[in-house]
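The values are calculated or read from the model by the stated rules, or taken from the named source; none is laboratory data. All values reported here derive from a predicted model rather than from experimental measurement. Here Cβ is always computed from backbone atoms with ideal geometry, including for glycine, and neighbour counts include all displayed protein chains.
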Amino acid sequence: MENLIIIGSGPAGMTAAIYTARADLNPLVAAGVQWGGLLMWTTHIENFPGFPEGIMGPNLMADMKKQAEKFGARFVIENITDVDLSGQIKRIKIGDEWHESKAVIISSGTKPRTLRLEREKSLIGRGLSVCATCDAAFYRDKQVIVVGGGDSAMEEANFLTKFVAKVYLIIREDKPMASPIMFTRAKQNPKIEIWFNHEVVEYVGQDKLEGVRVINNNSNAILDLPIDGLFFAIGQEPTTAIYKGQLATDEAGYLIKNPDNSMSNLDGVFIAGDISDRIYRQAIVAAGEGAKAALDCIRWLERQE
């Protein structure tokens, strides 16, 4: 019987692990096969307090993990495959093994959103990518597309220009959703060509991506654009499907917390990070929510005893 199982290992889960481990709860962290959350796909982080020169996303997460382990947190680098949260004892299946716990903190975050066009799954890794940091080197001196108009899209496009010959930045709207400073950086990059009011509607190529079909939303004109790679940067969706029917969600699928604390609609199940945040979605906000969930959980367990 565990005192606490933490699901997820991004900034929220790592912070929750640090706080609860220091409280001698000896938490078990179901970190996932791709542990570390979305920051593992981020290059240079400039706005996380305490790092005036910035820090690489993977380095920040590795330091958080080391800090949690220092205080006694245990990590399982596997995905959860099933949950039963309805009873007083919470049951979490990690890989092929069931674990029982008095309490659970859910901080499994979000996953990248894609276009969901025909043959998309078969082309992931064969021209389609959700991670510029991971795959940019495969497209050295080639031409690629970044789909999206937010800060992440601008960051991905700028990062890719260190490797590729050209980036087409395809934005569905008539203006960017990104912050002015991020858009300016992309606009001033000579390797980036920005197309407003355009959408990718079809992938070209069978065994690998050879191009895309793009529509102009103003004129409905169709253009075939030969490219070697496409990177998705169109936001995230919460990883809440496994909790369906047990935990309350809003219309977009994000978990709903108690307005007074981090508790879900089920006693002993706490929520932290992007899995319940459809507005801010920042690493520092997720870390703060991880601390709040940890403190709420510690107090709740004390009351049970």
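Details
- Test: residue 32 is among the small types (Gly, Ala, Ser), over 28 Å from residue 304 (Cβ atoms), within 16 Å of the chain's Cα centre (by Cα) and not assigned by TED's automatic domain parsing to the domain that holds residue 204: no
Yes/no per residue for (1) part of a helix (DSSP H, G or I); (2) basic (Lys, Arg); (3) closer than 24 Å to residue 91 by Cβ; (4) in contact (Cβ under 8 Å) with a residue 40 or more places away in the chain:
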position	(1), (2), (3), (4)
261	no, no, yes, no
270	no, no, yes, yes
289	yes, no, no, yes
292	yes, yes, no, no
296	yes, no, yes, no
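- Qualifying residue in the stretch 104-111 (condition: more than 16 Å from the chain's Cα centre (by Cα), surrounded by fewer than 17 Cβ atoms within 10 Å (Cβ to Cβ) and not aliphatic (A, V, I, L, M)): no
- Residues of the stretch 226-283 satisfying the condition of being farther than 30 Å from residue 305 by Cα, of a type in the set (Asp, Glu) and out of contact with any strand residue (DSSP E or B) (no Cβ under 7 Å at 6 or more places or on another chain): 250, 251, 277
- Checked across the stretch 225-246, the condition of being in a helix (DSSP H, G or I) and surrounded by 12 or more Cβ atoms within 10 Å (Cβ to Cβ) holds for at least one residue.
- Extreme residue, modelled with the lowest pLDDT, among residues of the stretch 98-135 that are out of contact with any Gly (no Cβ under 9 Å at 6 or more places or on another chain) and within 19 Å of residue 13 (Cβ to Cβ): 111
- Odd one out for residue 280 among (1) surrounded by 15 or more Cβ atoms within 10 Å (Cβ to Cβ); (2) aromatic (Phe, Trp, Tyr); (3) touching a helix residue (DSSP H, G or I) at 6+ places or on another chain (Cβ under 9 Å): (1)
- The set of residues from the stretch 136-169 being surrounded by fewer than 19 Cβ atoms within 10 Å (Cβ to Cβ) and either under 17 Å from the mean Cα position of the chain (by Cα) or among the polar types (S, T, N, Q) (or both) comprises 143, 150, 151, 161.
- Test: residue in the stretch 233-247 that is among the aromatic types (Phe, Trp, Tyr) and in contact with an Asp or Glu (Cβ under 9 Å, 6 or more places away or on another chain): no
- Scanning the stretch 78-110 for residues that are more than 21 Å from residue 19 (Cβ to Cβ), in contact (Cβ under 8 Å) with a residue 24 or more places away in the chain and not in a strand (DSSP E or B) yields 78, 79, 85, 86, 88, 89.
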